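The values are calculated or read from the model by the stated rules, or taken from the named source; none is laboratory data. Everything numeric here is computed off the predicted structure, so don't read it as measured data. Counting neighbours? That spans all protein chains shown, and the Cβs are built from the backbone with ideal geometry, glycine included. With ligands, DNA and RNA removed, areas are computed over all heavy atoms of the protein, side chains included. Shrake-Rupley method; radii C 1.70, N 1.55, O 1.52, S 1.80 Å.
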Protein chains: 2
Amino acid sequence: MSTGATQRSYAMFYPLIAASAPGALPEGLLSLGQLLASLIVIYVASKLGGELALRLRQPAVLGELVAGLAVGISGLKLIDPTQPVLLLLAQVGVTLLLFEIGLESDLRGLLKLGPQAVAVAAVGMAVPFALGYGVMKFAGAGELLAIFVGASSTATSIGISAKVLSDLGYLKRTEGQIILGAAVLDDILGVIILSVVAGIAQGGSLELGEVARIVFSSLGFLVGAIVIGNRFMPVFLGIVRRLRTRGELLTASLVFAFALAYLAELLGSAAIIGAFAAGLVLAETDKRHDLEAQLRPVTDFFLPIFFITVGAGVNLALLGNQQALLLAGGLSVTAVLGKLVCGWAAFGVKANKLAIGAGMVPRGEVGLVFASVGLASGVLTGVNHTAVVIMVILTTFFGPLLLGLLLRREPVALTAGSS
Amino acid sequence: MSTGATQRSYAMFYPLIAASAPGALPEGLLSLGQLLASLIVIYVASKLGGELALRLRQPAVLGELVAGLAVGISGLKLIDPTQPVLLLLAQVGVTLLLFEIGLESDLRGLLKLGPQAVAVAAVGMAVPFALGYGVMKFAGAGELLAIFVGASSTATSIGISAKVLSDLGYLKRTEGQIILGAAVLDDILGVIILSVVAGIAQGGSLELGEVARIVFSSLGFLVGAIVIGNRFMPVFLGIVRRLRTRGELLTASLVFAFALAYLAELLGSAAIIGAFAAGLVLAETDKRHDLEAQLRPVTDFFLPIFFITVGAGVNLALLGNQQALLLAGGLSVTAVLGKLVCGWAAFGVKANKLAIGAGMVPRGEVGLVFASVGLASGVLTGVNHTAVVIMVILTTFFGPLLLGLLLRREPVALTAGSS
């Protein structure tokens, strides 16, 4: 999830942050003053962008991404999207978001629509892979490169999609539940695909045993965490009831969520999957609403760092490369179409199928991880790497825009005092 | 505020964090998994310590400091108290705490007891300085060393004192208001004293003009921030009212607090002073209680990192140095007595004067900053440095203990659901 890591080579200039007299800090670290200055820029940009988007009847997150673009490397250069501490805090933000999304979700509803979610995820990965692979073959690429670009096309940014659904009040509707379930599966499978293609790129053979092991442990973790977590809940709530110090519910719940997130990472899955599972488990308890109220301010502290740094990492200068732009155009069209069609895999339910597909479109930080792994392994270089990054950028902005247009309603966040 | 930075040379071993496979991160940075693992340790230790302290009718923060000791370099080594990212987040925690303390404070009450606070701060800095200087002279030290140790004795940890007062429900009583006011002044003057002695240590002459400039800009900032901030509040509240996205009050208030904190640092004062001023200004608005409720979970996220890392940085092996222990004994007795007497400087009010003095006793992270600046400048080395660090440790634990005994009541945090 190192958003914008690929832009590290561009000369950058950050007046506001530099003003804070860094002193003798090791490379990559921030002083308190530098961090506070960055947070001020992030919060102001995030609010300006979010509010403007709401006025235009668009999801707030779309405005935040655009605002990030405005203060990032293609705009005012007030934020360094490659700053490692900011990226770490951005990851904490996405972890907290998925915890909160899990808490707001309904496990039974997710399970009921589970078969549809599996179908949507499967089609939503297979079609973009095939189309991306095909475009690259058509452009004369070799097998390995075509596979890598195809794999990059399978990503879905669960953070961005979930936030759009939450912004629009669609998290608990059929469309939202299917998108959420499919995006979680996409994320689980994405980690696996990434390790497989990275292995192939490094000349390793495709070890089916290893792939099976990761698939088994990732899916097994999700099921196990929910089943064992549910059993453990009476003990957990008993402990919380006995605590008398301040913040007892929030702190205990964070320990639970972070423990599952940490465990998910150890088992080769992603931290956000563990956090999501923790949210699902806690959603079944009577503490759900108290915890939601206490978790919101913490998420509100961290999450803007994620959206603003994703936007800030966008390098519009890439669009000047005509050759890359041509290839990116082809990849972007197939990347959008490939995800859009997957909505129709949601069989047997009455829902806006186009909107389901639109919810799977944004590649976001997950697509950037694919691009940077491809760059690091030497497979995805030059024009091809630039084209994939452009495709990721375009889908990241186009997805929320399309979803906002398809589900256009009075946004939920408009109910004042919801925070 | 680099707590425990002085212990960096001790060989350490952190099994839990190491288990998270650091990969190729630059030195000093953490992966998401490492950060989550550290937070789990911090939260569990903080809750265990805090709860135990409450059962023993002590301030929760005392238990958190002891728990930090248990998981730190002198105990289980589950936390690295020199980890730069954790120290940065700990500083964010103290900044948020002072914002919250300002929000819970009463500007009029502070101003009414202002003369008493000035007197307490003055006596509470002069007497410990003289006693520390005297002890060192008695031990045969040179002028420069004696001045440095005397200066180190003047520190007060506003974070620890304020949290104890908050834990015990004493923040708005006469004792609490005087301690808070005096601790804020101590912090403002401490920054100045530190820059003066560091200047002297580097062979520079004592430039009175420069000292006057810092005094003027620090105090002027505090007054100016409150006066101008109050004028700006109608505009600020007007903006907040127009925002419709989630977390509008919290985010806007954080921007205000972080801007003042950043400005305070730029002007040569400390970030926490700016955050405190922002809290005082917002306390005068009708948003006070809403904001308090939203700020609490965020503080609860960050603040335990501060108390646990302060405790974790304590190196009990230092107590094995008999020569240092003897000197530390003398310094600690005078450091405690020097602060205890300052309570009687609170003229013309009916209050527990001994408790006021006790509230000024903990040196905490401020004392460690003095010790590490002294070490870096070459003045405070070997036995003398160790003795000062031991003095800081002993006063940090003894202060809350004494204050808890003197103000022993039903702790406020015992009212369930206060978070």
Which lysines have a Cα lying under 17 Å from the Cα of A:Lys350, excluding residues fewer than 8 positions away in the same chain? A:Lys112, A:Lys172
Where the accessible area of the protein assembly as shown is counted over protein heavy atoms with a 1.4 Å probe, how much of it, in %, is carbon and sulfur? 67
Which helices, counted as full DSSP H runs in chain A, have an axial Cα extent of no less than 24 Å and a Kyte-Doolittle average of -1.0 or above? A:32-55, A:84-104, A:114-138, A:174-201, A:208-242, A:248-266, A:288-312, A:322-340, A:382-406
Among B:Ser38, B:Ala183, A:Leu69, flag the residue with its Cα farthest along the positive direction of the charge dipole of the protein assembly as shown, charges on Cβ as +1 for Lys/Arg and -1 for Asp/Glu. B:Ala183
Please report the projected area of segment B:31-414's Cα convex hull averaged over all directions, in nm². 18.8
Along its three principal axes, how long is segment A:290-419 when you only count alpha carbons? Whole Å, largest extent first please. 50, 39, 25
Projected onto the charge dipole of segment A:230-359 (unit charges on the beta-carbon of Lys, Arg, Asp and Glu, signs +1, +1, -1, -1), the Cα from A:Gly238, A:Leu291, A:Ile272 with the largest positive-side position is that of A:Gly238
If the limit is 25 Å between Cα atoms, which of A:Lys47/A:Lys353; A:Lys47/B:Lys287; A:Lys163/A:Lys339; A:Lys77/B:Lys287 go over it? A:Lys47/A:Lys353; A:Lys77/B:Lys287
Given an 8 Å cut-off on Cα distances and at least 6 residues of separation, report the relative contact order of chain A as a percent. 29
Mean residue ellipticity (222 nm) of chain A, computed from DSSP H runs ≥ 4 via -39,500 (n - 2.57), nearest 500: -24000 deg cm²/dmol
Computed on protein heavy atoms with a 1.4 Å probe, what is the summed buried accessible area for the chain pair A and B, in Å² to the nearest 100? 5600
Which parts of segment B:276-300, residue by residue, lose 10 Å² or more of accessible area when the rest of the protein chains are there, as against the chain isolated (1.4 Å probe)? B:Gln294, B:Arg296, B:Pro297, B:Val298, B:Asp300
Could you compute the net charge surrounding B:Met233? Neighbours are other residues with a C-beta less than 11 Å from the C-beta of B:Met233; K and R count +1, D and E count -1. 0
GNM flexibility winner over chain B from B:Val197, B:Val85, B:Val310 (Cα, springs under 10 Å): B:Val85
Kirkwood Rh, Cα Rg: Rg to Rh for the protein assembly as shown? 1.00
Determine the sum of side-chain charges near B:Phe301: Lys and Arg each +1, Asp and Glu each -1, restricted to other residues whose C-beta is under 14 angstrom from that of B:Phe301. -1
Counting Lys and Arg as +1 and Asp and Glu as -1, each charge on the Cβ, what is the dipole of the protein assembly as shown about the Cα centre in debye, to the nearest 20? 1400
What's the average, rounded to a whole number, of partner chain beta-carbon atoms within 10 Å of each residue's beta-carbon in B:58-65? 1
Ranked by GNM mean-square fluctuation in chain B (Cα springs under 10 Å), the top entry among B:Pro304, B:Pro400, B:Pro26 is B:Pro26
Roughly how many debye, to the nearest 20, is the charge dipole of chain A about its Cα centre, given +1 on each Lys and Arg Cβ, -1 on each Asp and Glu Cβ, and no other charges? 720
Taking alpha-carbon centroids only, segment B:54-70 lies from segment B:109-157 a number of Å equal to 27
Expected integer from the mean partner chain Cβ neighbour count at 10 Å over A:254-261 is 5
Å² of accessible area per residue within segment B:31-414, as computed with a 1.4 Å probe and no ligands counted: 33
Under the rule that an exposed site lies in a DSSP loop and has at most 14 other Cβ atoms within 10 Å, name the longest stretch of chain A with no chymotrypsin sites (Phe, Trp or Tyr not before Pro) of that kind, not counting the sites themselves. A:14-346
Summed residue charge, Cβ within 14 Å of A:Leu88's Cβ, Lys/Arg positive, Asp/Glu negative: -3
Taking springs between alpha-carbon atoms closer than 10 angstrom, which of A:Val281, A:Val235, A:Val135 fluctuates most in the Gaussian network model of chain A? A:Val235
